[in-house]
1. For region 587-701, with only Lys/Arg (+1) and Asp/Glu (-1) charged at the beta-carbon, what is the dipole magnitude about the Cα centre, in debye rounded to 20?
2. Taking the Cα centre of region 522-629 as origin, sum charge times position over the Cβ atoms of Lys and Arg (+1) and Asp and Glu (-1), and report the length of that vector in debye to the nearest 20.
3. List, in the order given, every pair from 231/344; 347/529; 347/465; 88/231 whose Cα-Cα distance in the structure shown is over 26 Å.
4. Scattering from the C-alpha atoms of region 25-154 alone, worked out with Debye: what is log10 I(q)/I(0) at q = 0.14, 0.20 1/Å?
5. Eigenvalues of the Cα gyration tensor times 5, then square-rooted: what semi-axes does that give for region 589-629, in whole angstrom, largest first?
6. Please grab the % of Cα pairs in region 568-695 that end up more than 25 Å from each other.
7. Which order do the peptides 257-270, 618-631 come out in when sorted by mean C-beta neighbours inside 10 angstrom, highest first?
8. Of 528, 333, 661, which is farthest along the charge dipole of the chain in the positive direction, counting Lys and Arg as +1 and Asp and Glu as -1 at C-beta?
Amino acid sequence: MTSPVSYELVDDVGVITVDNPPVNALSHAVRQGLDDAIQAARQDSSRVVLILCAGRTFIAGADITEFGKPPREPHLPDLCNTIEASPKPVVAALHGTALGGGLEVALSCHYRCAVPGAKLGLPEVKLGLLPGAGGTQRLPRLIGATAALDLIISGNPVDARQAANLGLIDHVAEGDDLREAALAWCRELAQEGAGRRVTSELPVEAVPGGTLTEYRETLARRARGQIAPQKIVDCVEASITRPFAEGLQFEREKFIECMQSPQSAALRHMFFAEREAAKVRGLSRDIALRDVDKVGVIGAGTMGSGIAMNFANAGMQVTLLEVDDEALAKGLAIIDRNYQGSVKRGKLSEEHALECRARITGTTDYESLADADLVVEAVFENLELKREIFAKLDAVCRQGAILATNTSYQDVDRIAAATERPQDVIGLHFFSPAHIMKLLEVVRASMTADDVLATCMAIAKQIRKTPVVSGVCYGFIGNRMLGHYAREAQLCVIEGATPEQVDMAMEDWGMAMGPLAVFDLAGLDVGYKARQGLPESERGDPRAFRVADALVEMQRLGQKTAAGFYRYDPETRQRSSDPEVEALIEREAAALGVERREIGADEIVDRLIFALVNEGMNILEEGIAQRPGDIDVVYVYGYGFPAWRGGPMHYADAVGLDEVLARVREFEQRFGSENWTPAPLLETLAGEGRTLADWAKSQVN
Ligand code: 3H9
């Protein structure tokens, strides 16, 4: 087998090229090839050694697919030491993304240069890990302990200019040809007689007293429950207090602890699940995509305005349609405010924000959408209204245009049936705020053409969303499951827990926000209106919504009225419990004949999370979601589920499906089978002693 690493002598520069597509990950073959090449360079007449990469990027890290398998020599930390020990100066030339183990290789070189567009970072923390090949020991020596902590804890990359300012690289290589620029710099270094600069021999400056404690305390709040960030602080502390070799050994131990943790397993699962979710089963990768440059958005409310921004930010022309000038002006004002907010928060430069904003124009005339390549309808949730709009679009839009609905619940097949071209109709379910949230549920209706689906998956990437395909059902993947989670949250309240107890239990467990606080944020009137539209017999169990309805009837609509399940400080939006709500809950419970009792945090968590899991199982069996990992992506990116628990379906595997089933059966016994019938797939897999991950592998790809 040919090695992915080649070595050649170019005049007096020994050039090592890594060529391991797609991202030059440090597989065993790459590590071996680098080790061999460094040895070869020792033997020849080279004066300087250059490491660079073919393809789109410098080494983007260790090969994550090898994690969890028996490690094979040469190990990465040893390879980094070998590179650093080279008797000839070694130069790394970076382009694309020099990440994780890739940056650690560069840190063990004696000099580093990068093209201006290169990104450099140590993102291990996002995989529940810490840099395990000397990164926590060499980086503080190179750029200082606090700068190193910030880089490693955030996991976010810096660009070449920032890297140069930090002292992370020595030279920015201008021009289009990195190899030529790097070779020229290597020759300069050789001519100057520049010697080896050994990062591990540099001293680490002590940090002011209390700095590390502050980091630990901040992380205990911001990265609640996560182990890797705290261990990163321990390792950087070791870089200050211990000699290099000891620090490296300490880092190794902490790295292995992280690697073996369920948190890292969950985050690695999420890494692959996100990429897998972008692939549609049964769809050819070579399918010809439709061109999308001009986009129409119907409805300039909060949702439509946010949706319009996504496309404009990706360079597309957007026409935003409203019923009249006043509504349109309101929508455009929301967009202006959002852009101003992005500039204020440093997310966009003023110039870039203006450029994006200029791509959005308003209209009140459907004819303006005649040449759109994609139209996204984002009006309020009313099936008949949506069907009317689609009939109009059918009349005005050019043939081949993609017609999408941003519905959260409605039947996309029925919307498609309002047109003569159901093959061009699809659901694109954005999450609020639409210009920020990463999740996009792409709803494949029964007649949606393959190229329409493939085009929408590609557009999702262009507008920086994480797409997940869903079949048609009430609420699709996310909201259908949420219905069960929300029901249990409200049942816990009427049965005896306070809103605060329910929310704290879920937030302590890792949810970004407790369910009742989420209802307050979204507005309690939304669910109320939806229920009022249904005949009483279809509204479900009154114990699960009576309190929410009573709050709406008291004009407590949530955050927007500064009162809902909680009271809100109008300035800070800080929530606090409200005795008035507690009295209301008592009254409603008595009226419904519910005897209240103490409910512990464990019961709250299990009821809410296993309600999600059980419905997720039904969704998988019905083929609404393609894979368990897709559901996990929906929950982590759309509903604030902690990534370090890997999404509800991965979490169920981690707990053990037999245990999940036992708990669901217990709830069935205690609370009745209407809400708690074990999903057949859960029963089957638990009975066979299998995991969902194992089941997913056995499904046709
Ligand atoms: C580490 O380095 C630990 C060390 O400190 C210590 C070790 C002892 N391995 O994302 P894309 C695959 S931890 C294996 O769609 P993009 C990916 O699955 C690592 N495979 O492209 C996908 O495969 P497929 C630290 C990898 O252009 C394909 O490459 N490094 C790896 O949007 C394309 O990926 C990181 O955490 C990998 N390391 O983004 C970086 N990386 O086509 C992780 C990617 O079959 N990677 N693949 O679906 C990334 O952040 C992005 O992939 C990157 C490219 C920015 C590089």
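Coordinate-derived values only; no laboratory data. Keep in mind that what you see is a predicted model, and the values were worked out from it rather than measured. Virtual Cβ from ideal backbone geometry, glycine too; neighbours counted across all protein chains shown.
1. Working: 11 positive and 20 negative charges, 43 e Å.
Charge dipole, region 587-701, about its Cα centre: 200 debye, nearest 20.
2. Numbers: 15 positive and 21 negative charges, 67 e Å.
Charge dipole of region 522-629: 320 debye, to the nearest 20.
3. Numbers: 231/344 33 Å; 347/529 36 Å; 347/465 16 Å; 88/231 34 Å.
As for pairs spanning more than 26 Å Cα to Cα, those are 231/344; 347/529; 88/231.
4. -0.59, -1.22
5. Numbers: eigenvalues 200, 37, 5 Å².
Equivalent-ellipsoid dimensions as semi-axes: 32, 14, 5 Å.
6. On the way: 3160 of 8128 pairs.
Cα-Cα pairs of region 568-695 separated by over 25 Å account for 39 percent.
7. 618-631, 257-270
8. Going by the charge dipole, the pick is 333.
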